[in-house]
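All remarks here apply to the structure that follows.
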There are 2 protein chains.
Amino acid sequence: MRTEPRSPIADLNARAKIRDAAVVHFARDGFRKANLRAIAATAGVSAGLVIHHFGSKDALRLACDDHVLGSVLARARDKATPEGLASVLQNYLADPAEFQVQIDYLSRAIAEDSPAGRQVVDAIVDETEAVVRAGAFDGSMNAFSDPRAVAVLITMTSLSMMTMASHVGRALGFDGPNLSPAAMRRMALPSAELYTHGLYADDTVLRVTTDALAGSDATTPPNHPTQTQLIRKATT
Amino acid sequence: MRTEPRSPIADLNARAKIRDAAVVHFARDGFRKANLRAIAATAGVSAGLVIHHFGSKDALRLACDDHVLGSVLARARDKATPEGLASVLQNYLADPAEFQVQIDYLSRAIAEDSPAGRQVVDAIVDETEAVVRAGAFDGSMNAFSDPRAVAVLITMTSLSMMTMASHVGRALGFDGPNLSPAAMRRMALPSAELYTHGLYADDTVLRVTTDALAGSDATTPPNHPTQTQLIRKATT
DNA sequence: CAGTATGCTAAACCGTTGTTCAACCGGGGT
DNA sequence: ACCCCGGTTGAACAACGGTTTAGCATACTG
């Protein structure tokens, strides 16, 4: 995956400076809004040099993807955290100032559905699934009919705290584009409560859902009217 | 909020056609990638006419925001569904072909953090919070220490099924940018299970979280190291 | 030392795109 | 019939931005 030049010492040169500047700009403005001249200015070089080193803006994005992804995955491996959610949140909170850029970059990548975004999401879902299965096995977590889907659900919930950080913050009365530590702290207890006791006090919703799913399983064309009733019942 | 011209009959003219075409393009390509000439072509008019009617691309976006938001909120009011999550999902599944564009448009608006996006999110969070409070009151739902934060959590989870639809689908083995009915169906039961029984089999995580929050409450500067330990403990 | 590769810049190129402008056209009022 | 006015167009304008190119300096090589 690494595509760096031969020597790791030579990596601290213009090419690396451009790449780091690009990561900042892509994270802050998104891929399309970010422009090469601004990136070059941040890196202290000319626009032409960016192309000279990376070939094109798209290739530059790939190099950034590669770099951020490698860095984050390496850190995740180092800490050897069992749960994807925990791993992400840990990196986020360990040193907000240092990792904010990478977090923002990956949030953008996920929101814009870039290759790097797909990779992180898949990695986190896989790891979360493993945790869910292990938890069910050792009894620390409930057994689910579809661990994969549960992993997806949990992953999306935690990722949404980053991709929709501004919405979360605003809904809680904070402002600023990133999720402040105070906002994160406020979400911690409710998450634990929800993941411990659930939302519903009894299992009526669950029973209605299973019934509806079983009833409409293959008896109707797989995409039209019964879905509506199912969800209506399941969430009322 | 409505800014339509006086007569609803005259609304079916070029101005409306442009607006509808713009909604499609903004939904499919995002605001920045969408361009006026393509929008004009879809509407069957010239690029100049778009400016003549709306003044600028930004103003056109506002008009689209206005239109989609009004349409969706009106429909939500009609159905009078108690729960924001349910209301959104219902519209989504009632007739995917018809509402897909509006759903996509709002997903974009939320992901790109546009004014319209903020408005829908806030509306859904508010309504969800009301449902959570009512549920706790009538005993159908568990009581939470922070209903607002729970509402945010639930809202983000359901919204992530739209803003990150491609990731959800891919993680489940489907493809395509939108969440297929089959994928939605597969998520239904796990959601019900998670919201009924929770994720954890006992309350150790919850207790650890409350302890950690209480312990670090005001004893340390509000944004640095203890947060890390808190989350590490809470999710391991 | 000559020559050649390498890192780099400045300027130009050129397609895209939001916006402006002058003209046109059909219809209603005088 | 004339005028005028709103809707509409096509061309032109101007800015932006990715990419190309020519050139320059420095360093390494024969």
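Scanning segment A:12-41 for residues that are of a type in the set (D, E) and within 12 Å of DNA strand D (Cβ to nearest atom) yields one hit, A:D29.
Here B:F137 clears all of (1) open to solvent by 20 Å² or more (accessible area, probe 1.4 Å); (2) part of a helix (DSSP H, G or I); (3) modelled with pLDDT under 95; (4) out of contact with any Lys or Arg (no Cβ under 8 Å at 6 or more places or on another chain) except the condition numbered (3). May I ask you to verify whether A:I124 is more than 8 Å from chain B (Cβ to nearest Cβ) and either assigned to a loop (DSSP other than H, G, I, E, B) or among the aliphatic types (A, V, I, L, M) (or both)? Yes: the conditions hold for A:I124. Checked against the criteria, B:A109 counts as of a type outside the set (S, T, N, Q) and out of contact with any Lys or Arg (no Cβ under 7 Å at 6 or more places or on another chain). Taking every residue in segment B:21-40 that is within 14 Å of another protein chain (Cβ to nearest Cβ) and open to solvent by 10 Å² or more (accessible area, probe 1.4 Å) and pairing it with any residue that is assigned to a loop (DSSP other than H, G, I, E, B) and within 12 Å of DNA strand D (Cβ to nearest atom), at least 6 positions away or on another chain, the pairs with Cβ-Cβ distances below 7 Å are B:R32/A:R32; B:R32/A:K33; B:K33/A:R32.
For a quick check of your reading of the model, give me the residue pairs whose first member lies in segment A:44-73 and is more than 14 Å from chain B (Cβ to nearest Cβ) and within 15 Å of DNA strand C (Cβ to nearest atom), whose second is modelled with pLDDT under 95 and open to solvent by 40 Å² or more (accessible area, probe 1.4 Å), with beta-carbon atoms closer than 6 Å and at least 6 apart or on different chains. Here the result reads A:H53/A:R15, each pair linking segment A:44-73 to a residue that is modelled with pLDDT under 95 and open to solvent by 40 Å² or more (accessible area, probe 1.4 Å).
Taken over segment B:184-208, the criterion of being outside any helix (DSSP H, G or I) and of a type outside the set (A, V, I, L, M, F, W, C) is satisfied by B:G198, B:Y200, B:D202, B:D203.
Checking each residue in segment B:42-59 for being open to solvent by less than 40 Å² (accessible area, probe 1.4 Å) and more than 14 Å from DNA strand D (Cβ to nearest atom) picks out only B:A59.
The values are calculated or read from the model by the stated rules, or taken from the named source; none is laboratory data. Note that this is a predicted model, so its numbers are computed, not measured. Cβ: placed from backbone, ideal geometry, glycine included. Neighbour counts: every protein chain shown. All accessible areas refer to the heavy atoms of the entire protein, side chains included, with ligands and DNA or RNA removed. Shrake-Rupley method; radii C 1.70, N 1.55, O 1.52, S 1.80 Å.
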